[in-house]
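The values are calculated or read from the model by the stated rules, or taken from the named source; none is laboratory data. Because the structure is predicted, anything quoted here is derived from the model rather than measured. Quick note on the areas: whole protein, heavy atoms, side chains included, nothing else; ligands and nucleic acids left out. Shrake-Rupley method; radii C 1.70, N 1.55, O 1.52, S 1.80 Å.
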Amino acid sequence: MTNFLRIQVCLIFIFFLSCRSFAQQTTLFDIEVAKIKVGSLVTEKVVKDSMTIYIFRSEVDAGFIMRVKVSHTISCVYIKNKLVRADIHSVINQDKYVSSVAWNKDHYDYDCSTYKYHKTGVLTRDIDFSVVKMYFEEPLVTGAIFAENYGVLCPLLCSKPSTYHLDVDKNSNTFHYANGLIQRVEMETPLFNYVIRRKT
């Protein structure tokens with residue numbers, strides 16, 4: 001990733017935050033393990049003209065056989081419904097992971113790192129739908145969508161109306177919607193399985 005592109009995206013984000021004429025949408029979720037709340041998730045969508053920024057921030061503090069504390073932030077910038085930049089920062093206990101995906105002239109460069117996973121490479125296909133967008137809108141069209149954390153396209157299947165299954169690196173995630181809005185997500189991860197539930 002070039003320093004110029006990183007500076008450009010930072011300036012775009014600062015412009016968004018300083019500009020008064022934008023639309024913003026915020027949604028709150030609980031994160032549960034065995035129906036016990038262990039964390040929270042906040043999603044934000046900021047729209048200005050042809051640019052949209054999706055922000056995903058979660059915090060988990062769960063005590064199982066060992067204590068697991070996770071802090072996770074994703075920010076994705078779309079221009080005219082095309083992903084141009086994604087940045088992911090995670091802290092799992094004391095371990096830090098950073099991932100980035102950036103459009104560079106005619107392709108994406110990605111460097112994705114998370115728990116027991118690291119992958120770098122190039123993707124030449126345009127991305128118009130990624131996993132973070134699942135928290136803001138029902139996809140309606142199935143096929144391959146982009147997993148920002150892993151830098152890969154993953155199959156999205158609709159098993160019944162408003163229920164979608166997404167397999168990411170051998171982990172199954174199920175998204176449930178009502179009236180086009182996300183209500184619940186059942187997540188499998190290498191650390192533990194959990195449920196994300198929309199707060200009423």
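A compact table of results
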item: Cα gyration tensor category, rounded, prolate or oblate, for the stretch 144-200 with a/c compared to 1.5; result: oblate
item: Global form of the chain, assessed from the alpha-carbon gyration tensor, a/c cut-off 1.5; result: rounded
item: The chain, accessible area per residue, ligands and nucleic acids excluded (1.4 Å, Å²); result: 55
item: Angle between the chain longest axis and helix 3-18 axis [Cα atoms, degrees, rounded to 10]; result: 80
item: Prolate/oblate/rounded call for the stretch 82-200, Cα gyration tensor, a/c under 1.5 rounded; result: oblate
item: Per-residue ³J(HN,Hα) for the stretch 142-158, Karplus 6.51 cos²θ - 1.76 cosθ + 1.60, θ = phi - 60°, Hz, x for Gly and Pro; result: 8, x, 9, 10, 8, 9, 4, 5, 10, x, 9, 8, 10, x, 10, 10, 9
item: Anchor K82: lysines whose Cα lies under 18 Å away (excluding residues fewer than 8 positions away in-chain); result: K45, K48, K105, K133
item: Extension gain from E186 to I55, taking 0.36 nm per residue of separation minus the Cα-Cα distance; result: 45.2 nm
item: Karplus-derived HN-Hα couplings along the stretch 95-110 (A = 6.51, B = -1.76, C = 1.60, θ = phi - 60°), whole Hz, x at Gly and Pro; result: 8, 10, 10, 10, 10, 8, 9, 9, 6, 9, 6, 9, 7, 9, 9, 9
